[in-house]
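A quick write-up on the structure given underneath.
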Amino acid sequence: MSSSYRIKSGDTLSHLAQRYNTSVSALMKANPQIKNADLIYAGKSLNIPGARDTFESGTSGSGRAGGATGGSGGSQGVQGPDSSGPGIRGPKGSPFEIASQHLGKNAGSLKLEGSGVGADMEDWVPNNVNCANFVSAVLEQAGQISDAQHDNSVMGLMAKLDRDPNFKRIDLKDAKPGDVVSMKTNGGQHVVMFAGWKDGKPQFIGSNNVNSDGSQRVTISSMNYPIMAVHQYQG
């Protein structure tokens with residue numbers, strides 16, 4: 001998760017870090033143009049990294065399926081078929097197949113790759129908040145969104161897909177591999193892609209906080225968070 005903030009007169013990095021539940025060092029890393037933590041300028045844009053995507057593997061989460069919007073419901077308790085069939089392809093390929101090619105890779109390593117998904121991910125995003133960065137890059141590689149639609153914020157990406165006539169919101173039970181799933185977590189939001197059904201339970205692929213240091217790696221897992229939206233490509 002990340003967002004952009006326009007600096008106002010009187011702002012300091014320490015106060016902004018406290019306001020956005022992050023740290024001065026994270027702000028500095030997200031904004032390499034700032035050389036002096038005590039010197040920022042009103043009117044300039046500041047990248048605000050999230051504290052973390054707050055994803056944990058397995059059955060962690062809210063423990064219930066409430067709080068959903070857009071008619072999607074929550075992932076817990078949703079029963080699906082043994083197979084959801086093939087994913088919906090974009091002009092350049094299947095987002096699920098593209099994402100699957102990077103299973104097991106750490107976000108920090110993937111961003112260093114000079115082509116494909118890694119090249120489309122933005123390097124400045126901290127390695128514990130790359131969920132929207134990864135999903136955006138996969139959708140770009142599949143030709144489902146443009147570079148201008150890339151967003152490192154879960155809410156930002158969700159809003160852009162809402163405005164895109166090639167996407168529509170659907171129910172989780174109708175999801176196909178590669179559909180974009182935005183979730184409400186205990187401490188924020190998380191975005192992944194649907195990865196099919198396993199024993200009647202939904203599986204998701206994305207950049208997830210599974211490493212011991214809190215950084216992210218591309219994995220497939222079940223999740224029990226309330227779902228805010230499931231977007232399916234219709235182009």
Under a Cβ-Cβ cut-off of 11 Å, what is the net charge of the residues other than Tyr233 that fall near it, where Lys and Arg count +1 and Asp and Glu count -1? +1
Starting from the Cα of Gln101, step 7 Å along the direction of its Cβ; do the same at Gln234; then give the gap between the two resulting points in nm. 2.9 nm
Pull out the extension gain between His15 and Asp162, defined as 0.36 nm times the separation in residues minus the alpha carbon to alpha carbon distance; nm, one decimal. 49.6 nm
When the Karplus curve 6.51 cos²θ - 1.76 cosθ + 1.60 is applied with θ = phi - 60°, which whole-Hz ³J(HN,Hα) does each residue of region 101-118 get, with x for Gly and Pro? 5, 10, 4, x, 7, 6, 4, x, 6, 4, 5, 7, 5, x, 9, x, 4, x
Lys and Arg at +1, Asp and Glu at -1: add these up for the other residues within a Cβ distance under 12 Å of Val138 and post the number. -3
Okay, which of region 104-139 sit inside 18 Å, backbone N to the point 7 Å along the Cα-Cβ direction of Gln149? 117, 120-122, 132-139
Using a cut-off of 19 Å between alpha-carbon atoms, which lysines can reach Lys198, once sequence neighbours fewer than 8 places away in the same chain are excluded? Lys173, Lys176
Taking the square root of 5λ for each eigenvalue of the C-alpha gyration tensor of region 117-180, the equivalent ellipsoid has semi-axes, largest first and in whole angstrom, of 20, 12, 12
At 0.36 nm per residue, minus the direct Cα-Cα distance, what do Asn211 and Ser23 gain on full extension? Give it in nm, one decimal, please. 65.7 nm
Pop out the Kirkwood hydrodynamic radius of region 2-49 from its pairwise C-alpha distances, inverse of mean 1/r, in Å to one decimal. 10.4 Å
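FYI, it's all coordinate maths here, none of it is from the lab. Since the model is a prediction, treat every value here as computed from it, not as a measurement. Don't worry about glycine lacking a Cβ; one is built from the backbone with ideal geometry, like all the others, and counts go over all protein chains shown.
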